[in-house]
1. Calculate how large, on average over all directions, the projected area of the Cα convex hull of region A:102-195 is; give the answer in nm² to one decimal.
2. Under a no-solvent Debye model with one identical scatterer per Cα of region B:22-80, what's log10 I(q)/I(0) at q = 0.12, 0.15, 0.16, 0.26 Å⁻¹?
3. Just to be sure I understand the model, the point goes 7 Å from the Cα along the line to the Cβ. What's the resulting residue B:99 to residue A:119 distance in nm?
4. Largest first and in whole Å, what are the equivalent-ellipsoid semi-axes of region A:36-195 based on the Cα gyration tensor, each being the root of 5 times an eigenvalue?
5. Which value in Å does the Kirkwood hydrodynamic radius of region B:33-120 take, with 1/r averaged over all unlike C-alpha pairs and then inverted?
6. Go ahead and run the numbers for FRET between residue B:111 and residue A:70, Cβ-Cβ distance against an R0 of 51 Å, rounding to 0.05.
7. Compute the distance in nm between two label points, each set 7 Å from the Cα along the Cα-to-Cβ direction, one at residue B:169 and one at residue B:134.
8. How fast does region A:72-140 diffuse by Stokes-Einstein, in µm²/s, taking the Kirkwood radius from C-alpha pairs at 25 °C and 0.890 mPa s?
C-alpha cells in the first residue's frame, strides 16, 4: 500500500513543462524539456519464479521531469500469467493466473534526432529502476522485489495546436528484470501523452 | 485489497494534473454515439481456462470528455482444463453499464485527435454450455485504450483497448493469503482480460 501512496505523491506533483520542438536548427542537439506524461504499454515477458511462465503485461505509467533530460517514472502493471512445467510437452499442465507489479525509476534520452521542422523526434532512451511484484503461480503467491534496466526506442510527435497534449510518444521497450533467482524480461509497445 | 489499490492508482493516474487550462481542454465528445466492436476474452472460471470471442455493441451518452455507455455482447466460448482438454463449449451473453474518460488528447490539425481512454463497467454475463449447464456471473471491469476521433461529421472514432475483468462465482472464496515471500496457497481466480477493437459514430 505504501507503494501506491508514493505513486499518488508523484502524480500529485505533476505539472506542465514547456516543450520546444520548434526551436533551433535542424541539427541541434539542445535538450528538450519534456512534459509530464501519462500513458500505457502492452507487453510480454517472463520471470524466474520456479516454473516456466509467460507474462502478458498491461501497464499504466506516469513520467515527470526531474532535471534536464532525466525523467522519473512510475508504473503499475497488471500481469496475466501463463505457466507450465514444460511448454514443449503437450501433456504438461498449463495454468493461468494473475500478478501485479509496480516499477519506479528514471529514464534519459541518449540519442535523438528531429525531423519535419522539429515536429517528429526519434529517440533512444535508457532507463533504470526497481520495484516489487506479486505473482500468483501454481505453487503459491510470490512477493518478489526486482531491479531493472532497459532501452526504449521510439518517436514523439509535437502538437501544433494550443489545446490538448503537447506531445505523443510511441515506443518499444526492452527491459531485463533482475530478481533473486535470476534474470527475466519485460517489454512491449507503449503510447504516452505529454501535457 | 489489491483490486482496490489498483482502482485507487487508476484514479490517481487519471487525475494527473496539467497546469495550463488550455492544454487540458479536450474537444467535447458527441452527445450520442453508437459503437460496434469485436471482442476477445480469456480468463478463468473457478480455476479452469475459459475464453471466447464475439461482437459487442454499445450506446453512449457523452458530455465533455466523459461518456456513459450501455453495452451488450455475445460470444462463443470454450472451457478447457489445465491439460488443454476441452471440457465444454457454449455461448455467452454479456451486458453492462460503464463510463469512459478521455484522459489525454493529442490534437491532429484541429480535425481530430489521438486519445488515451480509461474506462470501467459493471454488469453480468451468462453462459449456456453445451452440456446443459448454465451460469451467471457478475462482472466488474476496468481498462484503458487508444482511440482516434474525428471532431466533426461523421464524428467517427476508432478504438482499441483492453480491460481486466473480475467475475466471482461464489463457488470459491479462496483468496491469496496476506503474506510475504512465498505462500503455500494460490488464488482460485475468476478473472480475465478482454480486448476490443472497433468503432463508433
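1. For the Cα atoms of region A:102-195, the hull's average projected area reads 7.3 nm².
2. Normalising to I(0) and taking log10 leaves -0.47, -0.61, -0.65, -0.97.
3. Distance between the two pseudo-spin positions: 3.6 nm.
4. Value: 33, 15, 13 Å, ordered largest first.
5. Taking every pair of different Cα atoms in region B:33-120, averaging 1/r and inverting gives 15.2 Å.
6. 0.90
7. 1.7
8. 158
No lab work stands behind these numbers, since they all come straight from the coordinates. Since the model is a prediction, treat every value here as computed from it, not as a measurement. Cβ sites come from the backbone with ideal geometry, for glycine too, and all protein chains shown count toward neighbours.
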